[in-house]
Each structure stands twice: as C-alpha cells, then as structure tokens.
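Notes follow the structure.
The values are calculated or read from the model by the stated rules, or taken from the named source; none is laboratory data. Please read these numbers as outputs of a predicted model, since none were measured by experiment. Cβ: placed from backbone, ideal geometry, glycine included. Neighbour counts: every protein chain shown. Ligands, DNA and RNA are excluded from the accessible area calculation, which covers all protein heavy atoms including side chains. Shrake-Rupley method; radii C 1.70, N 1.55, O 1.52, S 1.80 Å.
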Amino acid sequence: MPKKKSPQQKERLPLDIFPEPIEPEIKVKPPTHKVWTENKAKLIERYLLYFVFITHHGTYIDGFAGPQDPQKPDSWAAKLVLESEPKWLKHFHLFEIKKKKIKMLNELKRRQPDRDSKGRKVNREVEVYPGDFNINVHKLLRSASIKPKEATFCLLDQITFECHWSTLKALAEYKPAGYRKIELFYFLGVGWLDRAFSGQKKTKKLEDWWGRDDWDQLLKKGPFKCAMAFVERFKQELGYKTVMPWAIFERKGGGRIMYYMIHATDHPDAPGLMSRAYDRAVFHESYEQLQLEGVFSPKPK
Ligand SMILES: C[S@@+](CC[C@H](N)C(=O)[O-])C[C@H]1O[C@@H](n2cnc3c(N)ncnc32)[C@H](O)[C@@H]1O
C-alpha cells in the first residue's frame with residue numbers, strides 16, 4: 001500500500017506566489033501549505049517561537065495591536081505571542097488608537113501570569129501606548145530603550161493604509177550601522193486595494209502610506225506586482241537584506257490572495273524560519289517536539 005504523505009511532504013507551492021530570495025546564500029524552501037486569513041496570528045506566534053529559540057531574548061513591537069475581531073481572541077496576534085511559551089521575549093510595546101481596544105490590551109496585560117506553566121518566574125515588561133502608532137513609535141525610539149544588540153520584531157498589521165512610510169523608515173533606521181535592523185512584518189491588503197484606493201477621498205492618507213505622491217502606479221499592477229513594488233522599496237530604500245512576501249489566502253485550501261505579509265530582515269536564518277512557520281502555522285508543534293527533532297537547542301543556563 002502506498003505510504004500516506006505527511007503534511008510536510010506535499011507538493012511545494014509555485015514560486016510566482018513565493019519568490020525565492022535573490023541572495024544565493026539565503027535558502028528558503030517554498031512552503032507546501034497555504035495559510036489562510038484565520039491563521040495569520042498563528043503564523044506570527046509560530047515564527048516568534050522559532051525567533052526566541054535562536055535569540056533567547058527579544059523585543060516585540062506591535063504597531064496596530066488591538067484585536068481585529070474582539071469576538072475571536074484566539075486569532076489575536078498580541079494575545080497569542082504574549083501567551084506563547086517559553087516566555088523568553090522580554091519587552092512588549094503594544095500600540096493602539098481605539099479606546100475599546102486599548103482597554104482590551106490593558107486587560108490582556110493585567111491577566112499575564114507571574115509564572116509560566118512550569119512555575120518559572122516570568123521576567124518581562126509589557127507597555128501599552130494609546131494613540132496613533134505613527135506618532136508614538138517615535139517616543140519609543142527616542143527613549144532608546146531598545147539596545148542595538150536586542151533582537152527586535154515589529155508587527156505592522158494595519159487595516160489598509162494606516163502605517164506611514166516614514167514610520168517604516170524610522171524603524172528601519174533605528175539601529176546603528178553594523179547591527180541587525182528591527183525586523184518588519186508588514187500587512188499589504190492587495191485583495192481589496194483597488195476598492196480601497198477608489199474609496200479614498202483624502203489622497204494625503206495614500207501619500208503618507210506610500211511615502212510619495214505616485215501611489216497611483218500601484219493601481220495598474222496586479223496583487224503580486226504590487227507586493228513586489230513594496231519588496232523592492234524595502235530593499236532599496238529601507239536597506240533590508242532579505243524581503244519576502246508571504247501570501248495569505250481567503251479560506252482553507254486557497255481561494256484568492258487576500259493580502260501579503262511582507263517580511264523584511266537582515267538575519268540570514270530568519271527567512272527559513274518564516275518558511276517553516278508558514279508551513280506549520282496550521283499544525284500544532286510543541287516545544288518538546290522541536291527539541292526532539294533537534295531543530296533548536298535549549299536555552300543555555
Ligand atoms: C487589523 S487590526 C490588528 C489585528 C491584530 N493584529 C490581530 O491579530 O487581531 C488593526 C488595529 O489597528 C488599530 N489602528 C488603526 N489605526 C491605528 C493607528 N494609527 N495607530 C494605532 N493603532 C491603529 C485599529 O483600531 C485595529 O485595532
């Protein structure tokens with residue numbers, strides 16, 4: 001009888017959806033599974049789990065941190081990341097503009113236990129910043145509380161056009177030369193971009209988002225080329241070594257691409273970890289399992 005293929009042995013997805021990084025030294029396997037919208041938060045949680053296995057510490061910035069759907073707390077990235085174990089991320093900076101969601105973030109912060117599930121003391125700081133991320137991010141960066149060697153991941157899960165290009169630039173330029181930049185994971189809603197553009201009466205909003213007044217060139221591009229226009233600018237203008245767009249589909253099994261999550265990083269291992277996270281986002285994989293597989297070594301004492 002033919003052996004049943006394990007989920008990881010399935011056919012890999014085409015490269016027009018997952019382009020290979022240009023740098024030959026960075027190896028990324030195209031994933032075998034499509035992640036759909038409901039699993040975005042799991043993808044983020046999973047990636048950050050791998051991230052801390054490598055770094056053993058870190059800072060998580062979430063620029064648009066309130067839950068997309070307050071009725072679905074299990075699809076809320078900030079919650080999943082805060083609750084994930086091992087709890088080695090030390091600093092959390094959570095930004096949100098809406099009062100109701102700021103309240104939810106403060107409640108989430110209050111509920112965090114002092115000890116993890118194994119009874120170990122949790123040593124971390126969680127800060128909630130009420131107001132516009134594009135303004136408040138500068139308060140965080142000016143405070144210089146993120147040290148150059150601190151591994152830092154920033155989720156930019158905007159609704160459509162809320163994250164200013166100048167905010168991306170400030171994040172990308174924060175670390176001094178010679179240190180790894182703050183990693184970015186940027187939401188680009190290509191599935192409804194045409195409609196969103198035509199619904200915009202204030203072109204200033206689009207200019208802030210794209211950082212230039214020639215945003216209308218994006219209208220002529222299809223979803224993939226639009227994502228690649230961002231990829232190019234993240235590389236050329238923000239100076240990231242590897243930038244990859246990860247397609248998120250409409251529903252389980254496929255449908256159309258609703259949006260891309262664009263991952264910009266300088267760490268040579270990070271694209272491979274994102275590929276793994278993408279493949280495993282919909283499966284459970286415990287810490288013990290990962291150690292048994294020899295994927296990561298335990299945190300040194
Ligand atoms: C798409 S939702 C984030 C979803 C979230 N990452 C999750 O996993 O459920 C975007 C959030 O950003 C907030 N928001 C919109 N504009 C903002 C701004 N300028 N600054 C901070 N937060 C903003 C919205 O109120 C909303 O809660």
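Using the Stokes-Einstein relation with a Kirkwood hydrodynamic radius computed over Cα pairs, the translational diffusion coefficient of region 14-292 at 20 °C and a viscosity of 1.002 mPa s comes to 112 µm²/s. Label-to-label distance, GLU125 versus ARG110, with points set 7 angstrom from Cα along the beta-carbon direction: 2.2 nm. Distance between the modelled labels on PHE197 and ALA177, one decimal in nanometres: 3.7 nm (7 Å Cα→Cβ projection).
Once backbone amide H atoms are built at 1.01 Å from N, GLU127 has PHE92, HIS93, LEU94 as its partners under 5 Å, excluding neighbours fewer than 5 places away on the same chain.
To put it simply, the accessible area of region 14-292 at a 1.4 Å probe is 52 percent carbon and sulfur. Taking the centroid of alpha carbons for each part, region 72-86 and region 175-211 are 24 Å apart.
Annotation: amide H-H contacts under 5 Å for PHE249 (H modelled 1.01 Å from N, sequence separation of 5 or more, or interchain): VAL35, TRP36, THR37, MET258.
Measuring against 20 Å, Cα to Cα, the residue pairs LYS181/LYS241; LYS101/LYS175; LYS147/LYS235; LYS87/LYS169 contain LYS101/LYS175; LYS147/LYS235; LYS87/LYS169 as the ones spanning a longer distance.
Oblate is the label for region 198-279, because a/c, from the alpha-carbon gyration tensor with a ≥ b ≥ c as root eigenvalues, is 1.5 or above and a/b does not exceed b/c. Across region 45-139, Cα-Cα pairs farther apart than 22 Å form 26% of the total.
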